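Data block below; observations after.
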Amino acid sequence: MLTRLGFPSVGEHRRFVTAIVADTVGSGLFMPITLLYFLAMTDLSLVQVGSALSLSAILTMPGAFVIGSLVDRFGPRRMMLIGNLVQAVGMLAYLWADSLLAVALWTTLLNIGRQAFWGSFGNVVTAISAPGERELWFGFLQAVRNLGYSVGGVLAGIALQIGTDLAYQTVVVVNVVTFVVAFFLLLDVPDHRVARDDDAPLEGWGVVLRDRAYLRLVVGQLGFVAGMMVLNFALPVYVAETIDLPGWVVGAIFTLNTALVGLGQGLVVRRMTGQVRARMMGLAQVVFVASYALFVVAGWLPVWLAVVVMLVGAAVYTFGELTGGPVLSATAAEAAPDHLRGRYLGLFQLSWALGGAVAPVSFTWLLAQGPTTLWWVLTLIAVVSAAYLQRLPRVLPAAGMRVTTRVAEQDATGPTP
């Protein structure tokens, strides 16, 4: 079944994949109700809660440099284990967080744990997958993560429907349990730390920050990140407030996105086989632009037709996500030297942290300037990013490689004897 959907054979990596599911179920359970939890369980206002969360995001950003160094020194598995425990402690502390400072403090701790976990994730995926099937594995695990988030989202909806303090506290406790479950599952995952030659010169962040070719990849990734922030930070407000569609449309968009990622990610990766990675990065941006155009058109239509166009736009948008995500992740992993991959991927992940800090404020401000302003700005970013990425193979060979998958090779040559 997995092979038909274009996914790799999990085999000996089943516990690692299960740990990812457990972690994302917990995250998907709490993320949708984060603001509502603190509004219900504390005396803080919406502005105060938002300020605490933004402050924690800013405080956490420098942690990417520390995490990257620790991954290279101690290995990604150990850092994933530590990340799970830190997230469990931070989440459990939410039960007693009753002030702006406490919310900011425990969210910062939670974010540091999340950085340790996901900052090590790419290193493990690179280690367990062979060259030529990296897009396949990154795409598969993205689909798995979406599955976890969707299950968590359904459970979160039940908690919201109940709406009691006990329901909110149960969400926190269940999230803590998922982190602990993921911890024990990861105990049996092999240590993929790269041994360093004792006679080799010491290298650190100076090498990474002087790698101009890789820095260009990180800059190019920012354009994709801007597009990826639309689903969480722009569409809910645009749909419910700007063009005044029924509230259920927001949930329908998220459900559609989750289903398409879960069922379509592997198929899209297989379809990209043989294509140059940089071109696929650019194609993802072009697809985003097409979805933005549909979102704008929806604002000019009657409600029933606007709903249809928004859902079609969401499907197109998801195709951009399916196209760009695995290719960028595989390129970032393969362009990094083995002994410094933790630092390199830490820098690469920093673009996501930056997007998470900037998008909520900038997107809401742009939406306040008019119903189409945000989409014009995002279109400009996408077009510039697509053009910029086409020049990347000149300096970064990994970006000029073609997408390949073992599944595709076996389809072409027959089963391996």
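No value in this document is a laboratory result; all are computed from the given coordinates. Keep in mind it's a predicted model, so treat the numbers as computed, not measured.
Take the convex hull of the alpha carbons in region 42-194; its mean projected area over all directions comes to 9.8 nm².
Measuring nothing but how far apart in sequence close Cα pairs (under 8 Å, 6+ apart) lie, relative to its length, the chain scores a relative contact order of 26 percent. For region 208-417, what class follows from the C-alpha gyration tensor (a ≥ b ≥ c being the square roots of its eigenvalues): rounded when a/c is under 1.5, otherwise prolate if a/b is larger than b/c, else oblate? Taking the square roots of the gyration eigenvalues as a ≥ b ≥ c, region 208-417 is oblate.
Rounded, prolate or oblate: which fits region 199-262 when a ≥ b ≥ c are the square roots of the eigenvalues of the alpha-carbon gyration tensor, with rounded for a/c under 1.5 and prolate only if a/b beats b/c?
Prolate, since a/c reaches 1.5 and a/b exceeds b/c.
The mean sequence distance of close C-alpha pairs (under 8 Å, at least 6 residues apart), as a share of the length of region 298-388, puts its relative contact order at 14 percent.
Only helical runs count toward this figure. For the chain, summing -39,500 (n - 2.57) over DSSP H runs of n ≥ 4 and dividing by all residues gives -25000 deg cm²/dmol at 222 nm.
Values of log10 I(q)/I(0) for the chain across q = 0.09 Å⁻¹ run -0.55, by the Debye formula with one identical scatterer at each alpha carbon and no solvent. Given axes a ≥ b ≥ c from the Cα gyration tensor, I'd like to know whether region 10-104 is rounded (a/c under 1.5), prolate (a/b larger than b/c) or oblate. It comes out oblate by the Cα gyration axes.
Summed over all non-identical Cα pairs, the Kirkwood treatment of region 269-394 gives a radius of 16.3 Å.
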